[in-house]
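The values are calculated or read from the model by the stated rules, or taken from the named source; none is laboratory data. Being a predicted model, the structure only gives us computed values, none of them experimental. Cβ placement follows ideal geometry from the backbone for every residue including glycine, while neighbour counts extend to all protein chains displayed.
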Amino acid sequence: MTMRTRTPLICECGNTGCHIHSENDQPYSKSWDSYRLEGFSGGGQDRDDLATMTCEKCGQTGKVKYA
C-alpha cells in the first residue's frame with residue numbers, strides 16, 4: 001500500500017499548494033518513495049527545501065512557507 005503525506009504550503013502572495021510525499025509502507029516488498037508539488041515548482045526531494053521552491057502564481061522563488 002502507498003502512504004501519502006501532504007504538507008500544506010503558502011506563498012507570500014497568498015497562493016496555496018502542498019508537498020505530497022508518497023512511499024511504499026508494505027512490509028517484505030521493495031522500498032521506494034517519490035514526491036510532487038501542487039501550486040509550486042522546483043524544490044528538492046526534501047520537503048524542507050523551501051528556499052528553492054517557486055510559486056506558480058507570482059513566479060517568486062524562496063517566498064514559500066508552511067501553511
Requested in this report: Could you check region 1-41 for strands (runs of 3 or more DSSP E) lying wholly inside it with 1 or more residues that are of a type in the set (S, T, N, Q), at pLDDT 95 or above and surrounded by 12 or more Cβ atoms within 10 Å (Cβ to Cβ)?
Outcome: 16-24
Query raised in the report: Of all residues in region 47-67, which are assigned to a loop (DSSP other than H, G, I, E, B) and within 16 Å of Thr5 (Cβ to Cβ)?
Result: Arg47, Asp48, Asp49, Ala67
Query raised in the report: Considering region 42-54 alone, what residues qualify as being exposed (fewer than 13 other Cβ atoms within 10 Å of the Cβ) and either in contact (Cβ under 8 Å) with a residue 60 or more places away in the chain or closer than 20 Å to Ala67 by Cβ (or both)?
Result: Gly44, Asp46, Asp48, Ala51
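Each row is one residue, and each column tells you yes or no for (1) among the β-branched types (Val, Ile, Thr); (2) on the phi > 0 side of the Ramachandran plot; (3) under 11 Å from the mean Cα position of the chain (by Cα).
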residue: Thr7; (1), (2), (3): yes, no, yes
residue: Tyr28; (1), (2), (3): no, yes, no
residue: Ser34; (1), (2), (3): no, no, yes
residue: Gly42; (1), (2), (3): no, yes, yes
